[in-house]
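This report concerns only the one structure given below.
The values are calculated or read from the model by the stated rules, or taken from the named source; none is laboratory data. Bear in mind that the values here come from a model prediction, so they are computed numbers and not experimental data. In this analysis, Cβ positions are derived from the backbone assuming ideal geometry, glycine residues included, and neighbour counts consider all displayed protein chains. Side chains are part of the model used for accessible areas, which takes the heavy atoms of the whole protein and leaves out ligands, DNA and RNA. Shrake-Rupley method; radii C 1.70, N 1.55, O 1.52, S 1.80 Å.
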Amino acid sequence: MSLTSKNGVVGVSLLSREKLLTGIFAGVGALIVIFLVIPLAKLVAANTPQVLLETAREKEVMQSIGLTFRAALYATLIATLTGVPLAYLLARRHFPGKSVISAFVDLPMIIPHTAAGVALLFVFGKRFFAGRFFSSLGIHFVGDVPGIVIAMLFVSAPFLINQVREGFSLLDPNLEKAARILGASPWQVFWKVSLPLVKRHIASGMLMMWARGISEFGAVVVLAYHPMTAPVLVYERFESYGLAYARPVATVLILLTLVVFIGMRIIVWREKKNVPH
Amino acid sequence: MFRIEKLVYRVDSFQLGPLSLELKKGEFYTIMGPSGAGKSVLLELISGLRREKQGTVIIAGADSSNLPPERRRVGMVFQKNLLFPHLTVFDNIAFGLRVKKLPESLVRQKIKKIAELTGISHLLYRSVHGLSGGESQRIALARALVTDPVLLLLDEPFNALDRTAREELRGELRRIQKQLDVTTIFVTHDFEEAAVLSDRIGVLINGQIVQEGSPGDILQKPATWEVARLVGYSNIISGYVKRSGETGVFCSGDINIPVNTDIPEGPAIVFIRPEGIYRITGKGTEAVVEEVAECPGYTRIVYRLAHTALVSKESWMGNKTVNTGQRVEISIDPRFVHVVPQKDGNTLGVFEYIGDNVKTDIKVAPYSTIS
C-alpha cells in the first residue's frame with residue numbers, strides 16, 4: 001500500500017511509516033529504561049555472592065528488613081480496612097465536599113515526607129492529644145514500631161485508596177442494580193458483587209502500598225530512627241561507614257523486595273486471568 | 001394484580017406522568033415509545049431503583065411505593081447483558097435464591113427446572129465469558145424468573161441481539177411467559193416486536209401514555225401522529241375535514257379522502273401507510289417519481305406531488321419498476337388510511353406533512369429527551 005505525495009515523489013508505505021514511529025519511540029523509551037535499570041544492576045553486580053550471603057546472615061540486617069516488611073504490612077491492612085469503604089463512597093456517591101476529600105487523600109503524595117513525619121509528630125508525639133491517649137493504652141509512637149506503621153500509613157495509603165477507587169468506578173453500577181432487583185440488600189450487593197469484582201484492584205493497591213511503605217524513609221526517620229527499618233539502616237551505614245558498607249545492605253533489601261513483589265504480582269496476574277474484567 | 005396510580009416523576013425539565021396503569025394477572029403489557037419518552041425511567045420506578053415523587057405503585061395487591069427494590073418481588077432483564085462476570089452461569093442464576101438463603105438442594109432443583117424451560121441446561125457450568133448475546137439474555141431471563149417474581153420487567157432485552165437471535169428469542173419469551181403465567185411489562189421502541197408479543201400496548205410519548213389498546217387497535221387507529229409514525233405510517237399530512245350532511249371529506253393540498261361520520265368538521269390529520277399507495281392509469285393523481293430503492297421484499301418509491309411527497313412500499317410481486325423522473329398517476333387505498341381530528345397534543349401546521357425520510361423543509365416536532 002504505497003502513497004504518492006503531492007509533488008509526485010513516491011512516499012513511504014503505511015507499514016514502514018508505522019515502523020518508523022515504532023523505531024523512534026523504542027529508541028527514546030530505551031533511554032529511560034536504561035537509566036532506571038543500570039544503577040540497580042550495577043549495585044547488585046558490585047557485590048560478591050559471599051558478601052551478600054554474609055550480609056543476609058547479619059542479625060541487624062535481617063531484623064531491620066523483617067521489621068520493615070511487617071510494619072508495611074500492618075500499615076497496608078489498616079489502610080485496607082478504612083480505605084476500601086472510603087474508596088467505595090468516593091466512586092459511588094455524590095456528596096458535598098467530595099472533591100476536597102479527594103484532594104486530601106492525594107496530599108501525602110505531594111508533600112515532602114520529612115514534613116509529613118513532623119506533622120505526625122505533632123499529633124502522635126507524647127505531648128499531644130492522640131499520643132497521650134495511646135500512651136495510656138501502652139502504645140508509643142516515637143521511637144517505636146507503631147510510629148513506623150503510622151508513618152508508612154500516612155505516606156502510602158493514597159496508593160491503595162486511589163487504586164481501589166478506580167476499580168469501583170470501572171464497575172458498571174447497573175450490575176449492582178441488577179443484584180438489588182434480584183433481592184440482595186445493599187450490604188449483600190457490596191459483599192457478593194462489588195467487592196469480588198474489584199478484588200484485583202484491591203490486591204494490586206495493597207501491593208503498591210506495601211511496596212511504597214517499605215521504601216519510606218523521610219517520614220519514618222522523623223518518628224522512629226530506632227528501631228531501624230531497612231532504608232534507615234542503609235542510610236546509617238552510608239553515613240557512618242561509607243558506600244562499601246551501605247551497598248550490600250541495599251542490595252539485599254532490593255533483592256528481597258523484588259522477590260516478594262514479583263511473587264505477589266504473579267498471584268494477582270493469575271487472578272486476573274480467572275476473572276477478566 | 002399490578003397497578004400504578006397517578007405516578008409523577010420529574011428529572012430536570014422532564015416529567016413522567018401523571019400516569020396510571022393496571023395489569024391483569026399473566027398479562028403481557030408493552031410500553032412502546034421513542035427513545036427519550038421515559039420508558040426506562042418508568043421501569044426503574046416500578047422496580048424501585050428510582051423513587052417516585054407522587055403516586056402509588058401496587059404490586060400483587062401490596063403498596064410497594066416505599067419498598068426498596070430487593071423487597072418488591074420483581075424480576076428484570078436489561079438491555080445490556082448484566083450477568084455477574086465473576087460467577088458461572090449456574091451461580092448467576094442461583095444469586096437471587098442464595099441471597100434469600102434458600103437451602104442448596106432447593107436452589108439446584110429450581111435452577112434445573114428454569115434452565116430446561118429457557119433452554120440453557122447445557123450452559124449451566126460455563127463461565128459467562130464467551131457466551132453469545134442470545135445465550136446471555138436467556139440466562140438473564142432464567143436468573144430473573146427463578147426467583148418467582150410476581151412481575152417481570154423487560155427493558156428492551158433484544159436490543160443488543162442480531163435479527164435472527166432476536167426473532168428466535170421473541171417466540172420463546174412468549175411461550176415461557178405464558179407457561180409461567182407471569183405478569184410482564186415489556187419496553188421497546190419497535191412496534192413489530194410489541195405486536196408479536198403483547199396482549200396490550202401502551203404508547204408512551206414524552207412521559208405520557210397517549211394511547212392504550214391491543215396491537216390491532218394501535219395499528220389500525222393510531223390516536224396521534226406520533227403514534228402513527230411509531231407504527232409505520234410513513235405519510236402524515238395535515239389538512240381540513242369538510243362536512244356536508246352525512247358525507248365528509250379530508251382535504252389537503254393534493255389529497256381528498258372521504259372520511260367516516262365520526263370525524264367533525266375542522267383541522268385534521270391523515271395517516272397513510274406506504275403500502276396503501278399504488279399506481280394506476282387514468283383517474284389518478286399526477287405525480288413524479290423522485291426516488292426509487294430496491295429493499296428486501298419491496299420497492300420503496302417516493303412520489304412528488306404539487307404540495308407534498310408520498311412514500312410508498314410496492315410489493316415485489318407486481319415487479320413493475322419505475323424510474324426516477326418518470327411521470328405517473330397514483331391513488332390511495334382507503335384501507336390503509338386513518339384520519340384523526342386535530343386537538344391538544346395532536347396538532348400539525350396547515351398543510352404540514354411528515355414523510356418517512358423524505359427531505360422537506362417542514363419541521364418535525366421534536367421529542368423532548370431525558371438522559
Residue in the range B:76-90 that is within 14 Å of chain A (Cβ to nearest Cβ), of a type outside the set (S, T, N, Q) and over 27 Å from B:THR188 (Cβ atoms) present: yes
Test: residue in the range B:259-273 that is surrounded by fewer than 16 Cβ atoms within 10 Å (Cβ to Cβ), small (Gly, Ala, Ser) and modelled with pLDDT of 90 or more: no
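Per-residue answers, yes or no, for (1) of a type in the set (Val, Ile, Thr); (2) open to solvent by 20 Å² or more (accessible area, probe 1.4 Å); (3) within 30 Å of B:ILE139 (Cβ to Cβ); (4) under 19 Å from the mean Cα position of the chain (by Cα):
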| position | (1), (2), (3), (4) |
| --- | --- |
| A:VAL145 | yes, yes, no, no |
| A:SER156 | no, no, no, yes |
| A:GLN163 | no, yes, no, yes |
| A:ASN174 | no, yes, yes, no |
| A:GLN188 | no, yes, yes, no |
A:PHE168 being modelled with pLDDT of 95 or more and more than 14 Å from chain B (Cβ to nearest Cβ): yes
Filtered residue count, the range B:91-102, keeping only those that are more than 7 Å from every other protein chain (Cβ to nearest Cβ), outside any loop (DSSP other than H, G, I, E, B) and of a type outside the set (Lys, Arg): 5
For A:LEU81: the one exception among (1) touching a residue at least 12 places away in the same chain (Cβ under 8 Å); (2) open to solvent by 40 Å² or more (accessible area, probe 1.4 Å): (1)
Scan of the range B:135-159 for residues that are more than 14 Å from chain A (Cβ to nearest Cβ) and open to solvent by less than 10 Å² (accessible area, probe 1.4 Å), ordered by number: B:PHE158
Test result for A:VAL198, within 14 Å of another protein chain (Cβ to nearest Cβ), under 20 Å from A:PHE159 (Cβ atoms) and buried (at least 19 other Cβ atoms within 10 Å of the Cβ): yes
Qualifying position, being under 33 Å from the mean Cα position of the chain (by Cα), away from every other protein chain (no Cβ under 12 Å) and not acidic (Asp, Glu), among B:SER105, B:SER132: B:SER132
Residue satisfying condition, being of a type in the set (S, T, N, Q) and out of contact with any helix residue (DSSP H, G or I) (no Cβ under 7 Å at 6 or more places or on another chain), within set A:SER215, A:SER194, A:SER135: A:SER135
Test result for B:SER127, free of Cβ contacts under 8 Å to residues at least 60 places away in the same chain, open to solvent by 40 Å² or more (accessible area, probe 1.4 Å) and more than 13 Å from chain A (Cβ to nearest Cβ): no
Hits in the range A:223-275 - residues which are more than 20 Å from A:MET209 (Cβ to Cβ) and hydrophobic (A, V, I, L, M, F, W, C): A:MET228, A:LEU233, A:VAL234, A:PHE238, A:LEU243, A:ALA244, A:ALA246, A:VAL249, A:ALA250, A:VAL252, A:LEU255, A:VAL275
Selected residue (only one of A:ILE202, A:ILE266, A:ILE181, A:ILE214 is more than 20 Å from the chain's Cα centre (by Cα) and not basic (Lys, Arg)): A:ILE181
Residues within the range B:274-303 that are surrounded by 15 or more Cβ atoms within 10 Å (Cβ to Cβ) and polar (S, T, N, Q), tallied: 2
Every pair of residues 6+ apart whose Cβ atoms lie under 8 Å, when the first sits in the range B:135-154 and is polar (S, T, N, Q) while the second is part of a helix (DSSP H, G or I): B:GLN137/B:LEU169; B:THR147/B:GLY96; B:THR147/B:LEU97
Which listed residue is without any contact (Cβ under 8 Å) to a residue 24 or more places away in the chain, more than 14 Å from chain B (Cβ to nearest Cβ), out of contact with any helix residue (DSSP H, G or I) (no Cβ under 7 Å at 6 or more places or on another chain) and not aliphatic (A, V, I, L, M), from A:PRO146, A:PRO186: A:PRO146
Among residues of the range B:270-301, those that are under 30 Å from the mean Cα position of the chain (by Cα) and closer than 15 Å to B:ILE332 by Cβ, counted: 10
Selection status of B:THR184, under 30 Å from B:GLY61 (Cα atoms) and assigned by TED's automatic domain parsing to the domain that holds B:ARG98: yes
Exclusive hit being open to solvent by less than 50 Å² (accessible area, probe 1.4 Å), under 30 Å from A:THR114 (Cβ atoms) and assigned by TED's automatic domain parsing to the domain that holds A:MET264, set A:SER215, A:SER136, A:SER204: A:SER204
Of the criteria (1) touching a residue at least 24 places away in the same chain (Cβ under 8 Å); (2) open to solvent by less than 50 Å² (accessible area, probe 1.4 Å), which one A:SER102 fails: (1)
